[in-house]
Every structure is written in C-alpha cells, then in structure tokens.
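Below is one structure; the comments refer to it alone.
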C-alpha cells in the first residue's frame, strides 16, 4: 500500500472512530425527543386526528411536533451515516425504527413537511412497537461502541476514489521538430512555428530526426509522410521510434490525401494529418493542443450537510479525486459560501434542522446569478415520491446514501463539468475561445482596482486588424475566421499566463498587462505585431498576410477603467490614422 493510500485509510478509520464517539450523544438526543413525544401524544390519536393538523398534541409548532421531527431527523441521519461507515446492522435497525415512527405518526409528519406518510396505512403502527425497536437499536449501538471501528462490516463504501488526472505541464518554450525532404518547405514551417512562439529545428532525413528525438524529445514532430528513400518513410520512421519505446506526438503532412496514405499515418500513431499546401494557422491549433494541453482547474464543490462525520467523509472522497471542497454544516451559512466560494456544484443533504434541503435549494435558485448552479441532493431517503418531490425545486440529481466513492466522484464531475462549459459559453467568444466583450470589461475593472490597491503598473492594449473587411470580401468569411483565430493564438501563446486577452468585438482584441510598465508593453506588442505580419494564410491558390494596429495606455494613479479603455482606443485610432500596421502608446496622468 502506498503512503497516499495508507493516509486515506487512516483518515477513514478516524472518521469511523469519531462517528462512534458521537453516537451516544445522538441516541441520548433521540431518547429525549422520544420522552417528550410520549408525554404529549399517542399513536391512537393519529387515527382520529385531523389530517390537516396531525394527531392531538402534535399541531404545527407544538413541543410534541418539534420532538417528532427531531427524532425522525436523527434516525434518518443515523441510517445513512451508519451505512456509509460500514455499520450495516446499526443502519438496518435504525431504518426499521424510522419505518415504525412513520407508520405511527404519518399524519403529523406529513403536516410537518416530512411527508408523504405512505410507508404504511395511518394508525397501523404503535408507539410501543417503535419503543421496542428503539431499545434494540440502543443495544446494537452499545455493542458497536464496545467493538470500536473494527465492528464495521465490509468497507462501507470506503474504496479509494479514482485519482484525478494529472494536469499537463505548460512550458514557456516548446520544441518542435520539422522533418521534410524539401528543405525550403521545412524552413517555411519552422518560421511559422517561431512566429507563434515555438522553437523549431529542421531535418531533411528521417535518420537525423531519429537521432535528435533520442537525444532530446520534442513536444511534437511535424513530418512529411513520403520521402524519396521509400514508400511512406515518414510513417515507418515514427513506427520505428515507437517500437523502441519512444512515443512522440507526430503531425503528418503530405501531398497525398488518399485513404491508403491517411490510414498508414494513423497506424503509425499520427495524431493529425494535413495535405499540402499547408495552412499554418490550422497546424498551430493542433500543435497548441499537443504541446500545451489545457490545465484543468480543480472543480469547486460545496457540501451542505448537518452531519459533520458524513460531510467530512464526502469531502475526503472528493478531495482525494482532486477537487476543492468546502463544507457548510449550518444552512444559514450556505448563501455566503456560495457567493464567496463560487462553487461549480452544491452537494446537499435533504433533511437538516431548522430548514430542509428543498428550502435551501429554493433560496439559492431565487438569486439570478445562481439560477443554473447544479444542486445534487444526497440522502438516505429511498422513497421515490419523496426524491421526486425534493428534485422539483430544480435539482440536478438525487444520490442515495451510502454511495460508492467512484459513483460520487463521477456524478459530481459530470455535472460540474457541464457547469464549467455553461460558464465558458457565457464568458468566452465562441470562435476564438478568448474572453468576450462583457467579461473583458469586468476583468479590466477588477485589474485596475487591484493595481491601484497594490500601487502596481498596468497597461491596456487595443488591437485592430488592418483592412479586415477586404479580407472577408476578397477571400470569404471562413478565411477571415482563420485570420481571427491566428491573432488569438499568437496572443495566447506569446503572452504570460497572467495576461488577460479578450475579443472586444469583430476584428478588435484587448490585452490587459498587469505589473507591466509602458516601455515593456510597447516592446512586447511591437514584437507580436511584427511576427503576426509574417504569418501566411492560404485561400485556394492565393497566399496573403495581414497586419494589425495597436493602441496602448498605461493607467495613472487615479485612472478609472473607463478612462484606461478610452485612452487605449484613442491611441489605436491614432495608429490607424498614421498609416496602420503600427503602435501608438501613452501614459495617463
């Protein structure tokens, strides 16, 4: 067993021990509620009591009604928590007690909002039957406390959850090998790679490529499928490397587009295939995906459960799967946590003191910002009618305790990913994946405020493609989209992770450069402007390039985000007026 596995097992053992330590107090609370219930009501009253108000002595708000609800909640929680921790006999006896209570006081429970009381016909149970069952429950608990955590039966669902995928490692510079027997073609591809921020080395022979790969593995290889030395020599070279245990992602290029050539590339392990003449922008998209896989931010999950033991259990499972988890044991703290933590999903118990999970979910749904926040109910409740009733507030699902860790992780991940996708669609441009206009404006506002608080420099750049309308008119909108994608890729690849890039609208882009003075911003954007002007685009038999103009403003001590944006826009207009394909910058007072 690895150290990490041992740590997980130790945490599980501690959780079981804590559950047993708290068990006497919970049973004492249940016994106290039972004593109150016995003193104010009898099951016989339920057959004659008013269905709308419940049995005599159990009207809404009466001490007897409160004791009944408290007793029902304690039993329900013990049933689910006990089974989750592997104490199956305790859970079974608790479930039987819960059924006896429901049968004896179904009308009052329904009146209290725990209904519908359809486990048995009303009046079919007696308080004496419940008390006998509760006494057996206390005896069972005493035996378990004497045995300690080892009294658990089976693993209680405590199998180690699936490990989260290891995120890709993003490097500031990525090495790409280009192998083509046409040296001019290889150099052309290498130049285009450099404009997008890659280091590139060229080879004209596959044996030289093989030696280089064995000496220093690149992020990717771009290679011709056909070489004069033999049929599909590029594919053979890659297959040879794989047979030696060297797996390097390869993108094949070829003058052939037939099935046989493509299937040969697939069998060699090629991840992509492009026919000549090569569209550099499309190639860059593939290389970016290979060399810089997106680092997934851990899902943020809020667990709402008044049972601290089971809440910690579910937190442990989700954290072991790589998620960030916060726990709310008190329903009244949920709103503040949702606002501050901004979870991707809420995992909530149905039965809690003072208010139910349904009520808390309804409260969350009443806030427009959280209308689409996924909510999953997690409860020991097995009654389908009650589950359906709980989900009527717009919950995403209902999971029944105990739940196997893998099922919990998969259910949470699936719905949290859906939430991430929805948020991305709302905040990002659909074509380029950059932040959209609204989100960029909000990011500029918060960045300016942060720069003021920290007395740090900040620059804002506005970029506009030159004569972009003529590109669309001359080559068509699909080609124009490729130009927009190329701009976005140059900006994303060449800027720091901390720099924020957005598509401000149409052919206009915006860059927020935090902790950057004006000279550094000008030097950076000048290099990007010059490199982008060398990117080649293809439209049929025609090849062309594009340029952009740029305006930069550096915020002053009292600048507002509106003033920073306006100053950059004015400088952009000056660059256009001065002849385009240039940069104008200025400091704000």
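Every number in this text was worked out from the coordinates using simple rules, so none of it is lab data. These figures come from a predicted structure and were not determined experimentally. Cβ coordinates were reconstructed from backbone atoms using ideal geometry, including for glycine residues, and neighbour counts include every protein chain displayed.
Computed values, structure above
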item: Two-site FRET efficiency, residue 339 against residue 204, from Cβ-Cβ distance with R₀ of 56 Å, rounded to 0.05; result: 0.40
item: Global geometry of the stretch 300-427, whether rounded, prolate or oblate, following the gyration tensor of its Cα atoms and the 1.5 cut on a/c; result: rounded
item: Exposure proxy order (Cβ contacts within 10 Å, fewest to most) of 178, 213, 327; result: 327, 213, 178
item: In degrees, nearest ten, helix 3-40 long axis to first principal axis of the chain (Cα); result: 40 degrees
item: Three-way shape call for the stretch 175-291 based on the alpha-carbon gyration tensor, with the a/c threshold at 1.5; result: rounded
item: Full-stretch length increase - residue 136, residue 426 - with 0.36 nm per residue and alpha-carbon distance subtracted; result: 98.8 nm
item: Inter-label distance for residue 562 and residue 38, nm, one decimal - labels placed 7 Å from Cα along Cα-to-Cβ; result: 7.2 nm
item: Efficiency of FRET from Cβ geometry, residue 520 and residue 184, R₀ 60 Å, rounded to 0.05; result: 0.95
item: Extension reserve of the residue 445-residue 22 stretch, reckoned as 0.36 nm per residue once the Cα distance is removed; result: 147.3 nm
item: Global geometry of the stretch 478-589, whether rounded, prolate or oblate, following the gyration tensor of its Cα atoms and the 1.5 cut on a/c; result: prolate
item: Taking 314, 292 and counting other C-beta atoms within 10 Å, the order from fewest to most; result: 292, 314
item: Simple label model, 7 Å out from Cα along Cβ direction - residue 29 to residue 578, nm; result: 7.1 nm
item: The stretch 437-587 - percent relative contact order, Cα under 8 Å, separation 6 or more; result: 30 percent
item: Förster radius 45 Å - calculated FRET efficiency between residue 258 and residue 497 (Cβ-Cβ, nearest 0.05); result: 0.60
item: Ranked list, fewest to most other Cβ atoms within 10 Å of each Cβ, for 512, 36, 290; result: 36, 290, 512
item: Mean Cα-pair separation over length for the chain, i.e. relative contact order, pairs under 8 Å, 6 or more apart, %; result: 10 percent
item: Sum of -39500 (n - 2.57) over DSSP H runs of 4+, divided by residues of the chain (222 nm, nearest 500); result: -16500 deg cm²/dmol
item: Whole-angstrom gap from the stretch 518-589 to the stretch 434-478, using each part's C-alpha centre; result: 10 Å
item: Rounded tilt (10° steps) of 88-104 against the dominant C-alpha axis of the chain; result: 60 degrees
